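Beneath this line is the structure, given in structure tokens, with notes to follow.
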Amino acid sequence: MKTQTLTNFLTIAILSVAALLTGCSQNQTTPEETRTETAEAAKKVKEESKEAAQKIEDASDQVKDQVKAVAQGAKEGWNDDKNKTRTIDINSASQADLTSLPGIGKTEARKIIKARPFTTKHELVSRGILTEDDYLKLSDHVTVK
């Protein structure tokens, strides 16, 4: 963020100097015109910076999602044999047990524990703890007793 602010400042400064030099060499630009041109250039830089920051944030979110997917895939592949034969009771499972489920990290495990008791396993979706897609990944691995 500091780098972006510095870049914006330098861009505005360069545009201002360029406008000033252009005005001095042609002797046709008034200080008011220079101020207006500089203000418009700064406004444009600000808008483009906001757009660039949003694109960077969106890309960062996509990378985070992909990294999480890779980690979950590796975890699911590693624990594949265990998960096929084992079901976990979401009302009594430990945080460690819950995080062994596909798509469940520590945050989701804590939410599940905090929301207990459950009468059906689909309450994980209806109570807003998991999305329907995430629920479908683990529904065969959980039970409610």
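The values are calculated or read from the model by the stated rules, or taken from the named source; none is laboratory data. Fair warning: this is a prediction, and the values are worked out from it, not measured in the lab. Cβ coordinates were reconstructed from backbone atoms using ideal geometry, including for glycine residues, and neighbour counts include every protein chain displayed. With ligands, DNA and RNA removed, areas are computed over all heavy atoms of the protein, side chains included. Shrake-Rupley method; radii C 1.70, N 1.55, O 1.52, S 1.80 Å.
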**Item:** Solvent-accessible area, 1.4 Å probe, carbon plus sulfur percent, for the range 96-145
**Value:** 52 percent
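Report the net charge of residues surrounding Glu40, where surrounding means a beta-carbon distance below 12 angstrom and charges are Lys +1, Arg +1, Asp -1, Glu -1.
Net charge in that neighbourhood comes out at +1.
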**Asked** If you take the Cα Rg of the range 32-145 and divide it by 2.2 N^0.38 Å, with N the number of residues, what do you get?
**Response** 1.69
**Fill in**
Stokes-Einstein, Kirkwood over Cα pairs, the range 87-145, 37 °C, 0.692 mPa s; D in µm²/s equals 301 µm²/s
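Let me spell out the model: positive unit charges on the Cβ of Lys and Arg, negative unit charges on the Cβ of Asp and Glu, origin at the Cα centre of the range 85-138. What dipole size does that give, in debye rounded to 20?
200 debye
Any idea of the accessible area per residue across the range 103-145, 1.4 Å probe, to the nearest Å²? Before the final figure, lay out the partial values.
Working: 2590 Å² over 43 residues.
Result: 60 Å² of accessible area for each residue.
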**Prompt:** So which of Lys111/Lys145; Lys55/Lys75; Lys75/Lys106; Lys114/Lys145; Lys64/Lys121 end up more than 22 Å apart, counting from Cα to Cα?
**Reply:** Lys55/Lys75; Lys64/Lys121
